[in-house]
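A short worksheet on the structure shown next.
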Amino acid sequence: MTHRLPAAPFDVEALIPELAGLGRYTTLLYPRQGDPGIRESSLGGPLLWPADEPWPLCDAPGHWQPLRTPTEVVGPEPVAMVPVAQLFARDVPELPFPAGTDVLHVLWCPLMHDDGGGAVLPRVYWRDEQAVAAGRVLADPPVPYAYDEEFVPRPCTVTPTRALEYPNADLPEGLGRSLGPRFDEIEETLGFSYFETAVTVQSKVGGYPAWLQFPQWPECRCGRRMDHLLSVTATEPHEGRWFPLDERTQDDAAPGERTTTTTEAQSESESEDADDDAIGHGMDMGDLGGLYLFVCPRCPDTPYAHHYDC
Ligand SMILES: [Zn+2]
Ligand SMILES: [Zn+2]
């Protein structure tokens, strides 16, 4: 299942020919609080983890928990990492799975680290679902004895939904500046902002990173710029261009689409509140920040790197 999204209110490349060729497909994840299974794609959900493989622990000498007063380094016992993402190839075929793998696992140490921009420390694993499922699967993964609650996701189902997007912070240098007046003109005449309709800032796979600050593309040791793998952001759309049509209640519907009776509308309105609370993995990630993961699919061991901003 994927979500239905509203049609783009204008054809980006017809109105702004300079952006031709800059559209990229991204897979929007739409995390919703839930009870994902161990064989399902999820954010913050249980991982299909082989019982005979040690759970990753972080023993970074300087990692700290910001809410401790006074701030002190955590340790020396290593801290268990927390599951952040499990994505199966059947749900997100666009992910650059290395040969022989069809599951991506992302975990991170939920403490602050001075390397990596003062944030969590992610780790990436690629697995073969059948091979793991054929053996014994870890039932009770360890939980961290110290963590920053802003970086521990609640279990969420995902609904990977493919969409075409255009660059925001990644607009080629000079182009963003020269297009500014045209973006303003489009917004005035059509009532839609380029940045609201063509750009996404939410948890997603591929496409453009959901940068909140300036782009910081990491370079691989092979000398090439890494590819964007996954963005995990504190913000998710609750309305507008990127809020799924199939999750809208009558209150959100366009005028003329209202067909329910008052009673139905009331119950829809109540359920809307409940649904609204279920949106997102619940992490504030600092000041509504984002964590961006990158990989080099050209190097044999699929090296990865991350960047955090807020
Ligand atoms: Zn750590
Ligand atoms: Zn490389």
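Annotations for the structure displayed:
- Alpha carbon centroid spacing (whole Å) that separates region 26-79 from region 119-133: 12 Å
- Rounded FRET efficiency, nearest 0.05, which uses the C-beta distance separating Cys299 from Phe214 and R0 of 35 Å: 0.85
- Carbon and sulfur %, accessible surface of region 32-158 computed with the full protein complex present, 1.4 Å: 54 percent
- Estimated vicinal HN-Hα couplings, Hz - region 168-183 in sequence order (Karplus 6.51, -1.76, 1.60; Gly, Pro = x): 10, 5, 8, 4, x, 3, x, 5, x, 5, 6, 8, x, x, 5, 4
- Under 5 Å, built H, 5+ apart or other chain: amide partners of Ser41: Phe88
- The GluC sites (Glu not before Pro) found in region 1-78 that occupy coil by DSSP, while having at most 12 further C-beta atoms within 10 Å, are Glu72.
- Theoretical gain in end-to-end length, Leu288 to Ala7 [0.36 nm per residue, Cα-Cα removed]: 98.4 nm
- Dipole magnitude (debye, nearest 20) for region 1-113, charges at Cβ of Lys, Arg, Asp, Glu: 260 debye
- Close amide H contacts of Ala119 (hydrogens built in the peptide plane, cut-off under 5 Å, sequence separation of 5 or more or a different chain): His113.
- Theoretical FRET efficiency, 1/(1+(r/R0)^6), r = Cβ-Cβ of Ala14 and Glu94, R0 25 Å, to 0.05: 0.50
- Length available on full extension from Asp128 to Leu164: 0.36 nm per residue minus the Cα-Cα distance, which gives 10.1 nm.
- Where labels lie 7 Å past Cα in the beta-carbon direction, separation of Val143 and Glu53 in nm: 2.3 nm
- For trypsin sites (Lys or Arg not before Pro), the sites in region 123-167 that DSSP calls loop and that have at most 16 other Cβ atoms within 10 Å are Arg136.
- Residues whose amide H lies under 5 Å from that of Val84, counting only those 5 or more places away or on a different chain, are Gly44, Val106, Leu107, Trp108; hydrogens are built 1.01 Å from N in the peptide plane.
- What region 84-235 shows is 46 Å² of accessible area per residue, with the surface traced by a 1.4 Å probe over protein heavy atoms.
- Put simply, the Cα atoms of region 92-225 extend 60, 35, 34 Å along their principal axes, the longest span coming first.
- Label point 7 Å beyond Cα of Cys222 along Cβ direction - residues of region 89-119 with amide nitrogen under 15 Å: 96-99
- Extension gain from Arg39 to Glu196, taking 0.36 nm per residue of separation minus the Cα-Cα distance: 53.1 nm
- If only the Cβ of Lys and Arg carry +1 and only the Cβ of Asp and Glu carry -1, the dipole of the chain around its Cα centre is close to 1200 debye.
The values are calculated or read from the model by the stated rules, or taken from the named source; none is laboratory data. From a predicted model like this one, the values you see are computed outputs, not experimental measurements. Cβ: placed from backbone, ideal geometry, glycine included. Neighbour counts: every protein chain shown. What goes into the accessible areas is simple: the full protein's heavy atoms, side chains included, and nothing from ligands, DNA or RNA. Shrake-Rupley method; radii C 1.70, N 1.55, O 1.52, S 1.80 Å.
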